[in-house]
Amino acid sequence: MARDFNKSFTQQEPLPEESLEAAMKVLKHGRLHRYNIVDDEYTETAILEREFGSSVGRPYCLAVTSGGYAISCALRALDVKPGDPVLTNAFTLAPVPGAIASLGAKPILVEITEDLVIDIDDMLQKFEETDAKILVLSHMRGHSCDMDELNEICLDRNIFLVEDCAHTMGARWNGNPSGGYGLVSCYSTQTYKHLNSGEGGFLVTDDENIMASATILSGSYMFYDRHIAKPELKYFKKTRLNYPNVSGRMDNLRAAILRPQLKMLESKCEAWNERYRIIENILGANTLIGLIRRPEEESFVGSSIQFHLKVKSGSKVKKFISNCLERGIELKWLGNKDPQGYTSRYDSWQYITPQECPRTKVILSNLLDMRIPLSFTLSDCELIANIIVEEADKLS
Ligand SMILES: *Cc1c(COP(=O)(O)O)cnc(C)c1O
C-alpha cells in the first residue's frame, strides 16, 4: 500500500562539506590518535575541547568516546564506589542507569512530573532515605526542571550534580547554556543527538581536580600536557598515579568532523525549533492530544516531540501507533513494557534493584515520542502532524 509519508525518521542530514575536508586531512596525515603529534601542534581533539568548553562557558572540557562514557567517567572522577547510591530520573535512556551500574553503584530512580522532569519532592525524600551524595540529572528528551531551584538545593545540601545533556546540547535555562549548572556536565555526539560523529561525547567542569582525574581516567597516559582546556599541571601531579586508565579517548577523525558542526549548532537548533513549532501547533488543536508544557525559562531544542494520547488503554495506544506507521509516521510509545529500539521503560532495567515509580508509570502510560530529523522539510512536518491528527480523530 502506498504510504502518505515516505522519509526515514532515523535519517540525519549529511555532514557539511567542511567536515569531509577536515576528515580527509586527518586521514591523509594518518595521525588519528589524539596524542600523536608532530612538533608542538595541537590536535583536532584538543582544539575541539577548547571550542566546545567555551561554547558552554566552561574552562575545562574532555572529549571522550560516548555520552555514556562521559557520565561513568564523571562518576569515577567523583570517587563513586561500588554499592554507593546514585539518584537519577526514572524517565531517561538506558545509558544513564548503565553508566551508574558500570561502577557497581546503585541507581536510585526518582519520579518525574507532568512536565517530564525530575520530581523535586520525591528527589529530596530519596536523598534522605538513601544518604546518596550524587544526582545524575537527565534532561530527557530536552525537558529541563527549574535549574535555578535545583542548583540551589544541590549547593545547600552538598549534593554533587552531574548533568546529562544528551538531548539539550544548544539549549538554555534562563539564558545559561544547558550543562552550565552541573559540577560535571556530560554531552553525547552520537548520530541521533545534536552533533554527529557516530559515537562520541564530552564532559565539562569548572573543577580542576575533577578535570585532572577525568583526564587520567580517560586514558591520557602521561600526555595530559597536550590538552588545551585543562587545569594547571600541578593538579595532575596529585592524580596521575591514583586513577586507573579506563580508555575512552576521542580520536582526531571524529574531532575533525565535529568542529565544523559545532559552528553550525545554533542554526541547526533554530531549524529544529521551526519544525517543532509547526508540529506542536497542529497537534495542539486536537482534543485527544495533550502536549507537554514548556516553561518560559527554557530555550529548548525541538529535535523530538512528546505528547499524550488521551485514551484509556495500552492496546488503543498500540493501535494508534500501528495506524500511523501504516501511513509512514514512526512514533515510539514511552510507556511500553517491552523495550523497543532505543526506548525502554525503567522497569525493564532488571540489573538494578527493583523499584516502583507509580506516578512516572502513569505519565508514561500514554506518552508518545517522535523524532524530528533535519532531513524533514517544513512541509514534511505539516504533513506528518496532519496525519497524526487525522488518526487521532478516528479514535473519537
Ligand atoms: C544518547 C543518550 C545518552 C548517551 O548516549 P551515548 O550513546 O552513550 O553517547 C545519555 N543520556 C540520554 C538521555 C541519551 O539519550
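Structure notes:
- Around the Cα centre of region 1-86, unit charges on the Cβ atoms of Lys, Arg, Asp and Glu (plus for the first two, minus for the last two) sum to a dipole of about 320 debye.
- Neighbours of residue 293 by Cβ distance under 9 Å: Lys/Arg scored +1, Asp/Glu scored -1, total -1.
- Modelled this way, with points 7 Å down the Cα-to-C-beta line, the labels at residue 12 and residue 124 are 4.0 nm from one another.
- Charging the Cβ of each Asp and Glu at -1 and of each Lys and Arg at +1, and nothing else, the dipole of region 254-313 about its Cα centre rounds to 300 debye.
- Taking 0.36 nm per residue of separation and subtracting the current Cα-Cα distance, fully stretching the chain between residue 36 and residue 394 would add 122.8 nm.
- Net charge of Cβ neighbours under 9 Å - reference residue 22; Lys, Arg +1; Asp, Glu -1: -1
- The reciprocal of the average 1/r between distinct C-alpha atoms defines the Kirkwood hydrodynamic radius, which for region 32-75 equals 11.6 Å.
- Projected onto their three principal axes, the Cα atoms of region 184-255 cover extents of 38, 22, 20 Å, largest first.
- Alpha-carbon radius of gyration plus Dmax, which is the widest Cα pair, for region 51-194 in Å: 13.8, 41
- FRET efficiency for residue 382 and residue 24, using Cβ-Cβ distance with R0 set to 56 Å, rounded to 0.05: 0.90
- P(r) for region 138-245, from all Cα pairs and a bin width of 5 Å, is 2, 12, 19, 19, 17, 16, 11, 4, 0 %, short bins first.
- Listed peptides 73-79, 83-89, 369-375, 221-227 appear in the order 73-79, 83-89, 369-375, 221-227 once ranked by packing, highest mean of other Cβ atoms within 10 Å at the front.
- Geometric extent, Cα atoms of region 197-349 - Rg, Dmax (angstrom): 22.3, 62
- In terms of distances greater than 18 angstrom between alpha carbons, the cross-link table entries 193/318; 7/310; 193/310; 312/361 yield 193/318; 7/310; 193/310.
- The Stokes-Einstein estimate for region 269-313, based on a Kirkwood radius over Cα pairs and taken at 25 °C with 0.890 mPa s viscosity, is a diffusion coefficient of 214 µm²/s.
- Cβ-derived FRET efficiency at R0 51 Å, residue 54 paired with residue 319, nearest 0.05: 0.55
- Of the chymotrypsin sites (Phe, Trp or Tyr not before Pro) in region 1-84, those whose Cβ has at most 14 other Cβ within 10 Å and which sit in DSSP loop: 42
- Anchor residue 126: lysines whose Cα lies under 16 Å away (excluding residues fewer than 8 positions away in-chain): 106
- Beta bridges assigned by DSSP with both partners in the chain are antiparallel in approximately 65 percent of cases.
- Each semi-axis of the equivalent ellipsoid for region 176-218 is √(5λ) with λ an eigenvalue of the Cα gyration tensor; in descending order they amount to 21, 15, 5 Å.
- Local charge for residue 350 was computed over the other residues whose Cβ lies under 13 Å away, with Lys and Arg +1 and Asp and Glu -1, and equals 0.
- Coordinate range of the alpha-carbon atoms in the chain per principal axis, descending: 68, 53, 36 Å.
- The chain: calculated mean residue ellipticity at 222 nm from DSSP helix runs of at least 4, using -39500 (n - 2.57): -11500 deg cm²/dmol
- Relative frequency of Cα-Cα separations exceeding 22 Å in region 265-393, percent: 40
Laboratory data are not the source of any read-out in this text; all were calculated from the coordinates shown. Predicted, not measured: the structure shown is a model, and the values here were computed from it. Here Cβ is always computed from backbone atoms with ideal geometry, including for glycine, and neighbour counts include all displayed protein chains.
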